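Notes for the one structure printed next.
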Amino acid sequence: MDNPFYSGTVAVIGLGYIGLPTAVVLASRGVRVIGVDVNQVTVERVARGEIPFFEPDLQTSLSGAVALGNITTSLEVPVADAYIIAVPTPITPHEEPDMSHVFAAAASVAPQLRPGAVVVLESTSPPGTTEELARRLAAARPDLTFPGDTNDSPDVHVAHCPERVLPGRLMVEMVENNRVIGGLTPECAERAAELYRVFCRGEIQLSDATSAEMAKLAENSYRDINIAYANELSMICDKLGLDVWEIVKMANHHPRVNILQPGPGVGGHCIAVDPWFLVSAAPEEAVLIRTARMVNDGKPVHVVNQILKSARRFREPVIACLGLSYKANVDDTRESPAVEIVAALAEQEPTTRILVSDPMLSKLPAPLEGYENLSLVKTQDAVAAADIVALLVDHNQFRTLPRKLLDGKVIMDTRGIWR
Ligand code: SAJ
């Protein structure tokens, strides 16, 4: 209990998929947390103890933290002992990193800094971002010392601590995963590590900020490349009339082979985005990384073409699309290949009825609104009315669907769960 952060205040900037669980975990350990977001609805809902998105165990933990009085929310960045920046780092339409949210957060943190403060960037960022963040803070606060300004301990410590948690297992992995913490100086890394030791039971590896940024990008690019390999195999198998799931299962019996699962494409706000940061940082060198992105981005088009090929066998085909989220058992539809596939079908076949079902969603996501041939219905109704059933997400509810409902239908199982 000698950790200074137990008696301090931590501001978490960004109450999204990473910031909110981080704020909740800190608050449930007794730290006073102020969650900051630019979205007024989020700020109000979290203050009332309501989660803005589904994640197992998040609701219980948030309710507990609110009841303890350890978490409050604000639209403004307060004065705090530590600041964790967990804001989105998307890509532009030209696949360049868009760091505007990080630098806007830095601009709002700067006026509140006091000597002794720690600033941690959690958002996945291109190499060099944490250094740039510190430069901007220093420019805004010439009255304070920053890492590199002095041989003594600076007034403000700055570090990068990339998140590694898997949506669907956030609350478990937040506590149990090992973490990398890269400081602008070793002392910065150590100060930030102190903060994360409040809740992190995994090993904390200390490094420099740019190496920590690079390590995170290497992790997500590694996964993207491996999924691309599975997706490329699936397209080769489609061409050759082979069962890719059987092939992957056989190949994985080799002691040093572990091929991932093919799917309809790669979605989410991490794997489909982060590798582009490396492509942007080293365009000539990142050949494999760019190619993997293109293979995975090409997979939804392949699935659409397969569905349309089957649809031509019917005079007035009805297509059921099961699942819209980017992966199983989450309600997040960001960069979802399923959404892309359904939108392309609705667009390309305006007279074909498309019935969509996702037990995790109560309404169609924005990109699918306004199509007259598209409706969100119950799974069993969608399947019963359909000629073609396209399984796009491997939600548990779809795994347990009675198989006899599928009799006589053309099945396009992009996740291989009904084999
Ligand atoms: N997918 C496949 N086949 C597979 C595995 C995944 O098609 O065998 C697809 C999923 O359906 C989904 C996409 O890939 O569309 C990404 O899903 P995921 O479960 O692989 O990863 P995310 O995006 O939910 O979380 C990743 C994780 N990174 C790694 O596993 C290296 C997580 O640890 C990170 O914290 C997260 O990105 C992040 O925020 O960076």
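Every read-out reported here was derived from the displayed coordinates using simple, explicitly stated rules and does not represent laboratory data. Remember, it's a predicted structure, so these values are computed and weren't measured experimentally. Counting neighbours? That spans all protein chains shown, and the Cβs are built from the backbone with ideal geometry, glycine included.
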So if R0 is 25 Å, what FRET efficiency would H94 and E132 give, r being the distance between their Cβ atoms, rounded to the nearest 0.05?
0.80
With the crude spin-label approximation of a point 7 Å out along Cα→Cβ, what separation in nm comes out for Y6 versus E44?
3.8 nm
When the charge dipole of segment 1-124 is computed with +1 on Lys and Arg Cβ and -1 on Asp and Glu Cβ about the Cα centre, the Cα farthest towards its positive end, among A105, S61, Y17, belongs to S61
Using a 10 angstrom cutoff on alpha carbons, build the Gaussian network for the chain and name the most mobile of D37, D358, D149.
D149
Can you give the local net charge around E335? Use residues other than it whose beta-carbon is closer than 13 angstrom to its beta-carbon, Lys and Arg +1, Asp and Glu -1.
-2
Can you list the trypsin sites (Lys or Arg not before Pro) in segment 11-48 that are in a DSSP coil and have 13 or fewer other beta carbons within 10 angstrom?
R48
Overall Cα dimensions of segment 224-305 - principal axes, largest extent first, Å
38, 35, 22
Hey, got the dipole for the chain? About the Cα centre, +1 on K and R Cβ, -1 on D and E Cβ, debye to the nearest 20?
1440 debye
Choice from V279, V172, V356 showing the highest fluctuation, given a GNM over the chain with Cα pairs closer than 10 Å
V172
Work out from phi, with θ = phi - 60° and the Karplus expression 6.51 cos²θ - 1.76 cosθ + 1.60, the ³J(HN,Hα) of each residue of segment 51-56, listed in order in whole Hz, and give x for Gly and Pro.
7, x, 8, 7, 7, x
Using every pair of alpha-carbon atoms in segment 359-403, split the distances into 10 Å bins beginning at 0 and state the percent of pairs per bin, rounded to integers.
21, 56, 22, 1
Segment 336-419 shape via C-alpha gyration tensor axes, a/c threshold 1.5
prolate
For V119, enumerate residues with amide H under 5 Å from its amide H, sequence gap 5+ or separate chain, H modeled in the peptide plane.
Y83, H157, V158, A159
Segment 1-148, relative contact order [Cα under 8 Å, separation at least 6], %
22 percent
Segment 26-87 to segment 244-288: how many Å between their Cα centroids?
34 Å
Can you tell me the FRET efficiency between K309 and T351 if r is taken as the Cβ-Cβ distance and R0 is 25 Å, rounded to the nearest 0.05?
0.90
Pop out the ³J(HN,Hα) list for segment 75-86 in order, Karplus 6.51 cos²θ - 1.76 cosθ + 1.60 with θ = phi - 60°, rounded to Hz; leave Gly and Pro as x.
7, 10, 6, x, 6, 8, 7, 9, 10, 10, 9, 10
Net charge near V304 (other residues with Cβ under 11 Å of its Cβ; Lys, Arg +1; Asp, Glu -1) is -1
Helix-only mean residue ellipticity at 222 nm, the chain, DSSP H runs n ≥ 4 weighted -39,500 (n - 2.57), per residue, nearest 500. What is it?
-12000 deg cm²/dmol
For R353, list long-range residues whose amide hydrogen, built 1.01 Å from N in the peptide plane, is under 5 Å from its own amide hydrogen.
I319
Tally Lys/Arg at +1 and Asp/Glu at -1 over every other residue whose Cβ is under 15 Å from the Cβ of V165; what's the total?
-2
Roughly what % antiparallel, to the nearest 5, for the DSSP beta bridges in segment 260-389?
0 percent
Have a look at S310, S211, S125 and tell me which one the Gaussian network model of the chain (Cα, springs below 10 Å) gives the largest fluctuation.
S310
Bridge type composition, the chain - antiparallel percent by DSSP, nearest 5
5 percent
Going Cα to Cα from K409, which aspartates and glutamates come in below 16 Å? Please leave out same-chain ones fewer than 8 positions away.
E316, D381, D387
Convex hull (Cα only) mean projected area of the chain, reported in nm² to one decimal:
22.3 nm²
Please list the equivalent ellipsoid semi-axes of segment 5-86, computed as the square roots of five times the alpha-carbon gyration tensor eigenvalues, in descending order and whole angstrom.
17, 15, 11
For segment 146-270, what class follows from the C-alpha gyration tensor (a ≥ b ≥ c being the square roots of its eigenvalues): rounded when a/c is under 1.5, otherwise prolate if a/b is larger than b/c, else oblate?
prolate
Give me the mean projected area, in nm² to one decimal, of the convex hull enclosing the Cα positions of segment 295-359.
4.5 nm²
Positive-pole candidate from G241, A189, P300, dipole of the chain, charges at beta carbon
G241
If amide H atoms are modeled at 1.01 Å from N in the peptide plane, then the residues at a separation of 5 or more from D208, or on another chain, having amide H under 5 Å from its own are G183
If you stretched the chain out fully between N177 and K409, how much longer would it get, using 0.36 nm times the residue separation minus the C-alpha to C-alpha distance?
79.2 nm
What's the Cα-based Rg to Rh of segment 277-419, Rh via Kirkwood?
1.01
Scan of the chain for chymotrypsin sites (Phe, Trp or Tyr not before Pro) in DSSP loops with at most 14 other beta-carbon atoms within 10 Å gives a longest site-free stretch of 54-313
